Amino acid sequence: MGRSPGLDKLDKRRRKKISKFMALVLRHKPGEFGVELDERGFCDLEALVEALRRRFPEVDEGVVREIVESDEKGRYEIRGGRIRARYGHSVPVSLDLEPVEPPEVLYHGTARRSLPRILEEGLRPMGRQFVHLSATIEDAIAGGRRKDPEPVVIEVAAKRAHEAGVTFYRASDKVYLAPYVPPEYLRPSGEG
């Protein structure tokens with residue numbers, strides 16, 4: 001498949017806005033935009049394109065497919081004529097992910113003001129289905145910057161937590177999920 005004609009007109013900023021709107025529709029507010037998710041979080045690709053077009057007239061299926069294919073965090077997946085967000089939902093869906101053994105350490109970026117509470121209570125999903133954990137410090141920093149321009153990074157002793165019974169899932173090459181991580185497996189990055 002060649003590049004979508006609509007995509008050539010999009011600059012990086014516009015493409016990012018479309019991707020964020022896709023996440024809003026697929027993760028949090030499908031009904032508000034006329035999109036119906038099935039129990040596994042999939043909707044008709046055509047229905048999503050129509051919802052996107054109401055805000056971004058230049059969007060076509062090729063634009064959506066290119067955004068999915070070029071997304072570094074693997075946020076979306078297309079199967080046949082259906083699309084879904086792979087993680088990050090606040091609406092109830094069953095993502096049919098299999099538990100995995102995580103790497104030794106994972107990371108979570110967050111606002112500085114949240115650190116004391118997290119170290120006391122653990123990492124909770126906070127309105128989503130799962131806690132998002134990054135495979136690299138760089139990705140955790142990028143995620144944390146959505147909440148604080150100078151985020152802190154928390155190291156998660158993922159393998160130890162897994163051995164103690166915490167379930168982990170791999171949502172993409174860069175993102176792992178857990179329903180909750182107790183405080184005894186957390187420490188600010190850089191502390192010995």
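What follows draws every value from the coordinates through simple rules; no lab data is involved. In this text the structure is predicted, and so the values were computed from the model without any measurement. Reconstructed Cβ throughout: ideal geometry from the backbone, glycine too, with neighbour counts over all protein chains shown.
Each label point was placed 7 Å from the Cα along the Cα-to-Cβ direction; for Lys147 and Ile78 their separation is 3.3 nm.
Extension gain, Val100 to Asp60, is 10.8 nm, computed as 0.36 nm per intervening residue step minus the present C-alpha separation.
Listed by Cβ neighbour count within 10 Å, with the fewest neighbours leading, Met22, Met126 appear as Met126, Met22. At full extension, Ser189 and Phe21 could sit 57.3 nm farther apart than now, given 0.36 nm per residue minus the alpha carbon distance.
Working note: 222 nm ellipticity from helices only, DSSP H runs with n ≥ 4, each -39,500 (n - 2.57), summed and divided by the residues of the chain, gives -8000 deg cm²/dmol to the nearest 500. Highest mean first, the peptides 133-142, 165-174 sorted by other C-beta atoms within 10 Å per residue fall in the order 133-142, 165-174.
The structure-derived value of Rg/Rh (Cα atoms, Kirkwood Rh) appears in the list (i) 1.00; (ii) 0.95; (iii) 0.97 under the label (i). Rounded to two decimal places and with Rh computed the Kirkwood way over Cα pairs, what is Rg over Rh for the stretch 5-85? Radius of gyration relative to Kirkwood radius: 0.92.
Once both labels are positioned 7 Å from their Cα atoms along Cα-to-Cβ, the gap between Leu119 and Lys29 label points is 3.6 nm. Just so you know, the averaged projected area of the alpha carbon convex hull for the stretch 99-188 sits at 5.1 nm².
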